[in-house]
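Novice: Can you read through this structure? Questions will come right after.
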Amino acid sequence: LSEAQRLRLSWGEGFRAPFFNELYLRTASFVGNPNLQPEQSATLTGGYAWASSRLQASVDVFRADVEDGITFDLSGFPFTYANLSEYTAKGVNTSLSVNLPFGFVPQVAYTLTQREDAQGRDVTGLPKHSTYVKLLWADPGLGLRASLRGQLNSEAQFSDGTSQPSYQLWNANVTKRFARRGPYGLSVFGQLD
């Protein structure tokens, strides 16, 4: 639309193979399902993005038609995983990032996802709200980079009436670059999850 504004539209097909624990997990109350099929999806996304040298913002809406979606199966005990025949995921993604003085860049993103099966019932077992926050800092002269990242997920309801409470995942890391020779160098990295 202009130097700073973009409209975007995309369509894609994809798949997600079952994770190892979804196939082979074995605990007293949960077992994997080695018969799981990969998820397959077709997704249409449209959005708007605005960017300047200091501020970047975007909003996207999406619709994904998913076949063989992998979800929790709490109908028996021990619990396991199962494939849903098909469901639709619709929602919105938003993001905001600001370049501040002294190398600081705070970022925030939010996703709302509504999942329904072919009969219009909510697909359970996954959070509807997810927020991602990040604070980056860099000083190229000192060869230092640091970041603090957090993912905050809302409560997830299950078909048997139980739920998983909301939870947060946090990560902090620092990188120091030494001995730079042209495009090559040595870096030391530390991370805490």
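Novice: So which residues in region 139-150 are open to solvent by less than 70 Å² (accessible area, probe 1.4 Å) and modelled with pLDDT under 95, if there are any at all?
Specialist: ASP139, GLY143, LEU144
Novice: With the requirement that a residue be touching a Ser or Thr at 6+ places or on another chain (Cβ under 8 Å) and within 30 Å of GLY185 (Cα to Cα), what does region 107-142 give you?
Specialist: Passing the criteria: GLN107, LYS134, LEU135, LEU136, TRP137.
Novice: Restricting to region 155-185, count the residues that are more than 19 Å from the chain's Cα centre (by Cα) and either closer than 30 Å to THR80 by Cα or open to solvent by 100 Å² or more (accessible area, probe 1.4 Å) (or both).
Specialist: Qualifying residue count for the region: 10.
Novice: Another question about this same structure. Which of the strands (runs of 3 or more DSSP E) contained wholly in region 1-111 include at least 1 residues that are in contact (Cβ under 8 Å) with a residue 60 or more places away in the chain, within 25 Å of ASN153 (Cα to Cα) and open to solvent by 30 Å² or more (accessible area, probe 1.4 Å)?
Specialist: Details: elements: 5-16, 39-51, 55-73, 80-98.
Result: 55-73.
Novice: Assess whether ARG121 counts as being farther than 30 Å from VAL31 by Cβ and either surrounded by 14 or more Cβ atoms within 10 Å (Cβ to Cβ) or at pLDDT below 95 (or both).
Specialist: So ARG121 fails the test.
The values are calculated or read from the model by the stated rules, or taken from the named source; none is laboratory data. Model, not experiment: these values are computed from the prediction. Methodologically, a virtual Cβ is constructed for each residue, glycine included, from the backbone with ideal geometry; neighbour enumeration extends over all protein chains shown. For accessibility, only protein heavy atoms count, side chains too; no ligands or nucleic acids. Shrake-Rupley method; radii C 1.70, N 1.55, O 1.52, S 1.80 Å.
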